[in-house]
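Student: Okay, handing you the structure first.
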Amino acid sequence: MKYVLTLIGNKATPLSNTHVDAGLSALSALGAAPGATVWLAEGHACDIPFDGDPAKAEAAARDALEGATIDISAQPAEGRRKKLLVADMDSTIIEQECIDELAAELGLKPQISAITERAMRGEIGFEPALRERVGLLKGLGVSALEKVYRERITEMPGGRALTATMRANGATCALVSGGFTFFTARVAQAVGFDTNQANELLFENDVLTGVVQEPILGRQAKLDALLALREKHGLQKHETLAVGDGANDLAMIEEAGLGVAYHAKPVVAEAAGARIDHGDLTALLYLQGYRRDEIKDA
């Protein structure tokens, strides 16, 4: 069996035998010769080995399971466990967009959130959109940033288990964000990333100047980070995993051996090799073939 179809449930929708049977039927109808189902986590995630075209197999499974809030992915059976994770931060490793929460401190959240949404959908350029939004934050004190991190920022479920499990199996975990080092440094330490990169906000007398340090870390810089880390650790493309939700994550997602759109904007979900629309971040471990008893508690 050259490929594997992975089905992943979530807290709201356990993975049932009915879902699995639908996947098996879809593969059989294609002549994809499914093998015996392997449960990675009983009632939550399973692999179905098969021979055939993975793109057609995944599409057929999605059609068969239409309306079910189950995540579905088809990929090669070999080389699933990755040695490098490069992750976006905002709306991926944390549940918020930090810049939008900073804007709330000035009563500007609706205005800045609208710009953020357009940038993440790829409707406007990331770099000019970031400059515009940071400019609107001029005058915000560092104490407000500390308050936002303490009171508004929450981790995406499963993030600590993701990094702990991958690191325990020899992988490097890097947080690469179009956000700000003020937050990535704190989130990376809390969640368990080895390194972090982001944009640097400029302060004067502990107050934001409304300017971000150039050059801005955006789409190209995220790709460059993936390539640099891959070279540094002597890895092949198939050994890498990238995950994100916005348009500025697309280049690194497309370059990774396993590129995952996580609760992503449509432009990203359509282009990524894999997508997680419903599950938490432990879904990235099941995509790699980890069993529940192999997942580390962080």
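Student: Six or more apart or on different chains, Cβ under 7 Å: which pairs go from a residue in segment 259-274 that's of a type in the set (S, T, Y) to one that's buried (at least 19 other Cβ atoms within 10 Å of the Cβ) and at pLDDT 95 or above? Could you list them?
Tutor: Hits for this filter: Y262/T92; Y262/V243; Y262/G244; Y262/D245; Y262/I276.
Student: Can I ask one more? Of these, D249, D280, which one is at pLDDT 95 or above, assigned to a loop (DSSP other than H, G, I, E, B), within 11 Å of the chain's Cα centre (by Cα) and in the same structural domain as S91 (by TED's automatic domain parsing)?
Tutor: None of the other options fit; the residue is D280.
Student: If the Cβ limit is 7 Å and pairs must be 6+ apart or interchain, which residue in segment 210-223 that is in the same structural domain as D88 (by TED's automatic domain parsing) and under 16 Å from L175 (Cα atoms) pairs with which residue that is in a strand (DSSP E or B) and of a type in the set (G, A, S)?
Tutor: Taking only residues 6 or more apart or on different chains, the pairs are L217/G178; L217/A198; G218/G178.
Student: Now for a different question. Within segment 193-213, does at least one residue satisfy the condition of being touching a Cys at 6+ places or on another chain (Cβ under 7 Å) and surrounded by 17 or more Cβ atoms within 10 Å (Cβ to Cβ)?
Tutor: Within segment 193-213 (the criterion being touching a Cys at 6+ places or on another chain (Cβ under 7 Å) and surrounded by 17 or more Cβ atoms within 10 Å (Cβ to Cβ)), the answer is yes, since at least one residue qualifies.
Student: For segment 165-178, how many residues meet the condition of being surrounded by fewer than 24 Cβ atoms within 10 Å (Cβ to Cβ) and within 19 Å of R152 (Cα to Cα)?
Tutor: Residues meeting the conditions: 0.
Student: Do we find that D21 is farther than 20 Å from A274 by Cα, acidic (D, E) and loosely packed, with under 14 Cβ neighbours inside 10 Å in this structure?
Tutor: Answer is yes for this residue.
Student: Out of the residues in segment 231-246 that are outside any helix (DSSP H, G or I) and out of contact with any strand residue (DSSP E or B) (no Cβ under 7 Å at 6 or more places or on another chain), state the one that is surrounded by the fewest Cβ atoms within 10 Å (Cβ to Cβ).
Tutor: G234
Student: Take the conditions surrounded by 20 or more Cβ atoms within 10 Å (Cβ to Cβ), touching a helix residue (DSSP H, G or I) at 6+ places or on another chain (Cβ under 8 Å) and assigned to a strand (DSSP E or B) and apply them to V268. Does it pass?
Tutor: For V268, the condition - surrounded by 20 or more Cβ atoms within 10 Å (Cβ to Cβ), touching a helix residue (DSSP H, G or I) at 6+ places or on another chain (Cβ under 8 Å) and assigned to a strand (DSSP E or B) - is not met.
Student: Enumerate the pairs (first residue in segment 106-130 and assigned by TED's automatic domain parsing to the domain that holds A221; second residue anywhere and assigned to a helix (DSSP H, G or I) and surrounded by fewer than 15 Cβ atoms within 10 Å (Cβ to Cβ)) with beta-carbon separation below 8 Å, excluding pairs fewer than 6 apart on the same chain, so at least 6 apart or on different chains.
Tutor: The qualifying pairs are I115/E132; R121/P266; I124/R118; A129/R118.
The values are calculated or read from the model by the stated rules, or taken from the named source; none is laboratory data. Predicted model, so just to flag it, every value in this text is computed and none were measured. Please note: Cβ atoms are built from the backbone with ideal geometry, for glycine as well, and neighbour counts cover all protein chains shown.
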